Every structure is written in structure tokens, then in C-alpha cells.
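Down below is the structure, laid out as C-alpha cells.
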Amino acid sequence: MWFMRQAGRSLPEYRAIRGEGSINDAIANPDLATEITLQPIRRYGVDAAILYSDIVTPVHAIGFGMDVVPGVGPVVEKPFASSDDLSRLRPLDPEADTPYVLETIDNLVAELDIPLIGFAGAPFTVASYLIEGRPSRTYHNTKTMMKARPELWFSLMDRLADLAIVSLQSQVAHGAEAIQLFDSWAGSLSAADYEKYVLPSSARVLEEIGKTGVPRIHFGVGTGELLGLMAQAGADVVGVDFRLSLAEARTRVPADKALQGNLDPAILGAPWEVVEREVDAVLESNGGHPGHIFNLGHGVTPDSPPETLEKVVERVHAYRA
Ligand code: CP3
């Protein structure tokens, strides 16, 4: 078990050392990023660490003009709008462009006695930020480009898939023992559109990383209708958000895949008895299936009490024992 966003603003020790400024600056400081990654490991005793970085780190590093604004999310100065903008997405050279990420991984691998999970943003979710220019609820511009300019769309998806592949390969080469592909916003698409416009590029990323031999987790929010396709894209583990029980999710993905999830993070503020009941419901919904990574259905929110997360870890570990 581990928690998406286990490091970060819910932890007082994070707020104490994070400092002001963009998260990009914190990520570019390997000593700080190493410490932030380790904080939840010490506190919670989860079974895996996740690298402290962001899905927009590669596009930021190649100079696309992307920042992460506190309280808002990734914001782009000049959104992706035409074929001219393809040249702003040059290939990533991880050793030269993101040496700080690789140094952080080197530090972590030396310190950790549990696996480190690396990650990348899936082409669709990263494209949504590049095209919309900021977090969106409707993805109008993204869907318009997808349907009205499919050639440009697929060129963009190709470039973003290349960025994800090269970034993940470098993370695995430096010692990440599993990877998660975050297609956080794929749930905004119909299954037909996902299959036609998104699946091929995510499948290419997962196939390339499959060659390294590390397990691949494929996650999105609101993707209950897409789980079968997300498995088909080449995942070993399919992430399930809080909208669908694990028992129901099992009927939608092949039996040889593991599931990850899916405690609703919104419940973490409730009294412990309530959280405990919900944790047990997730474990029981899994029905003893060996292929289960306990996690939240989405990331830890900043207002989640760390004491509650500590108890969740204890409860899950006791259940396993
Ligand atoms: O899970 C982890 O603990 C690992 C670190 C991690 C971060 N971002 C650190 C972060 C990971 C895996 C991500 C992925 C990420 N980033 C996703 C996919 C996961 C998801 O939530 O579905 C997305 C969509 C982003 C883009 C992004 N970065 C958003 C929407 C925000 C929030 C902006 C805000 O301030 O409200 C960020 C910033 C960010 N990335 C923070 C952290 C800990 C918080 C900001 C900070 O401390 O400066």
C-alpha cells in the first residue's frame, strides 16, 4: 500500500521545509526533493515511496513555458494551438534537462529499503494542460483539437508519448522499481474517443516501459467506463478511483491484472470509526484477491489529518497479516 500524494501539503513537516516559490524550484533541489519523498515513509510506514516531482516536469524542463501556480495547478504562458507549437516540444534528454530528478532518484535508492515508484503524465492529461493553458473542467479546446485537427492531435500525442517514454526509462535506469502512468483526466472522454484518440499513445508508452520489466500502474479519475481499455493499453495494475467498487472493477479488467485503490480521500477528515469502516469495505470489496495495491481513489488532499493516514496504514497492514 501507498498513497497518491502521500508527500506534500497534508504534512506539517512538508510545510515547514517546502519554502515559497514554485514547486518546480523544490523539484530542482535534489536534497529537498529527497527529504520530501522520505517524509511520508518515516511517518506512515507505507510499502512504497513515490518520487517527489510532477507530471509537468519534463515539459517545463524543455522550456515550453509552463509553471505550477500554488492553489491553481499547471499554467502555460502560450498554450499549444497550432503546428508551429510542435517545435516547442523538442525531445527530452533526461541527463541534461532533468539531472536533478535523476540525482533525487539516486539519493532515494541509496536510502530506501522499499521500492521507489517513478511516474509520468500520460499524453492526454499533459496535452490537456498544454492546450487549455490551465486546469479545465470541460476540456473544450482539447476535444476540439482532437476531433477537428486529428493530424495535429496525433503529432502532439506522439511528442508527449516520447517525453514520457524517455523520462520513465531514465527513472527506471536510475532505480525506480515500478512506474505509474497518470492519465488523471482521461475520465472526461467517452470510451470510443479514448480508444481512438488516446489509447494508442498511452499503449506505446506502456509497451516501451514494459521492456524494462518493471510493473506498470495505469491510473485515471472517473475512468470506470475506461478500465477495460486502460488495462488493454498495457498496464499490469489498473488504478480505480472511488466511484466504483473494486468488486465491480474486477468484472471490467482481465483476471491477470492487479487493481490499485480505492478509498475515497474525501472521507479522511471523518472520525476514525467512519474511516475504519470505509477501509474495511475497500479490503472486503477486493475479496482476498492477491493482486491488490491498497491506495486512495485519488490523491491525499491538503486538509487530511496525518494521524488518520497513520491509522489507515496500520489497519491495512493488520488485515494483511
Ligand atoms: O503523489 C505524490 O506524492 C508524488 C508527487 C506528485 C506531485 N504531483 C507533487 C505535487 C505527483 C505524482 C504529481 C502528479 C500530478 N501533478 C498530477 C497527476 C495526479 C493527480 O492529481 O491526478 C497532476 C494532474 C499534476 C498537476 C498538478 N501539480 C496540480 C493539479 C497541482 C496542484 C496545484 C495546487 O497548488 O493546488 C500540482 C502541484 C503539486 N504537485 C503539489 C504537489 C505536492 C502541491 C503544490 C505545492 O506544494 O507546491
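Tabulated data for the structure shown
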| item | result |
| --- | --- |
| Exceeding the 27 Å Cα-Cα cut-off - candidates LYS147/LYS211; LYS196/LYS257; LYS211/LYS311 | LYS147/LYS211; LYS211/LYS311 |
| Protection proxy ranking of 166-175, 105-114 - average other beta-carbon atoms within 10 Å, highest first | 166-175, 105-114 |
| Cβ-based net charge around VAL75, under 13 Å, with every Lys or Arg adding one and every Asp or Glu removing one | -2 |
| Cα-based equivalent ellipsoid, region 171-285: semi-axes from gyration tensor eigenvalues, Å | 26, 18, 13 |
| Size-normalised alpha-carbon gyration radius of region 1-155, reference 2.2 N^0.38 Å | 1.13 |
| Kirkwood estimate for the chain, i.e. one over the average of 1/r between Cα atoms, Å | 19.8 Å |
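Here, each number is a calculation from the coordinates, and none is a lab measurement. All values reported here derive from a predicted model rather than from experimental measurement. Counting neighbours? That spans all protein chains shown, and the Cβs are built from the backbone with ideal geometry, glycine included.
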